[in-house]
1. Within the stretch 8-17, track down each residue that is open to solvent by less than 70 Å² (accessible area, probe 1.4 Å) and either of a type in the set (Val, Ile, Thr) or farther than 14 Å from Gly43 by Cβ (or both).
2. So how many residues does the stretch 1-20 have that are in contact with a strand residue (DSSP E or B) (Cβ under 8 Å, 6 or more places away or on another chain) and either assigned to a strand (DSSP E or B) or of a type in the set (D, E, K, R) (or both)?
3. Residue check, Ile68 against (1) within 16 Å of Thr15 (Cβ to Cβ); (2) out of contact with any Asp or Glu (no Cβ under 6 Å at 6 or more places or on another chain); (3) not small (Gly, Ala, Ser), all met but one. Which one?
4. For residues that are among the polar types (S, T, N, Q) and part of a helix (DSSP H, G or I), scanning just the stretch 21-75, find the one that is most open to solvent (accessible area, probe 1.4 Å).
5. Kindly list, by first and then second residue, each pair from a residue in the stretch 32-60 that is under 17 Å from Asp16 (Cα atoms) to a residue that is in a helix (DSSP H, G or I) and among the hydroxyl-bearing types (Ser, Thr, Tyr), limited to pairs with Cβ atoms under 7 Å and residues at least 6 apart or on different chains.
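The values are calculated or read from the model by the stated rules, or taken from the named source; none is laboratory data. Since this is a predicted model, take the numbers as computed values, not measurements. Don't worry about glycine lacking a Cβ; one is built from the backbone with ideal geometry, like all the others, and counts go over all protein chains shown. Keep in mind that these areas ignore ligands, DNA and RNA; they rest on the heavy atoms of the full protein, side chains included. Shrake-Rupley method; radii C 1.70, N 1.55, O 1.52, S 1.80 Å.
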Amino acid sequence: MAKLILASDFDRTLTDGSLTPCHHVLGYISSLRPDIFFIVASGRGLEFLMENVGVYADAIVAENGAVIKARGRLM
């Protein structure tokens with residue numbers, strides 16, 4: 001069970017200047033499992049986020065909170 005929750009915005013936080021995901025940062029964050037539960041939040045759509053950070057995130061809050069996916073299911 002996770003001891004900490006880490007939530008992060010996507011654009012310009014988990015990306016470089018060209019809005020490309022920083023996989024070395026995302027990889028480091030996911031290496032902290034199972035001690036953290038990692039949430040990515042963004043105004044972007046769920047499909048885009050699943051393609052770019054789905055393998056790293058335990059939960060995704062997409063479309064400015066309108067869509068939430070956690071533990072493999074939509075909430």
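1. Residues satisfying the conditions are Thr15, Asp16.
2. Adding up the residues that qualify gives 8.
3. (1)
4. Asn64
5. Between residues of the stretch 32-60 that are under 17 Å from Asp16 (Cα atoms) and residues that are in a helix (DSSP H, G or I) and among the hydroxyl-bearing types (Ser, Thr, Tyr), the close pairs are Tyr56/Ser30.
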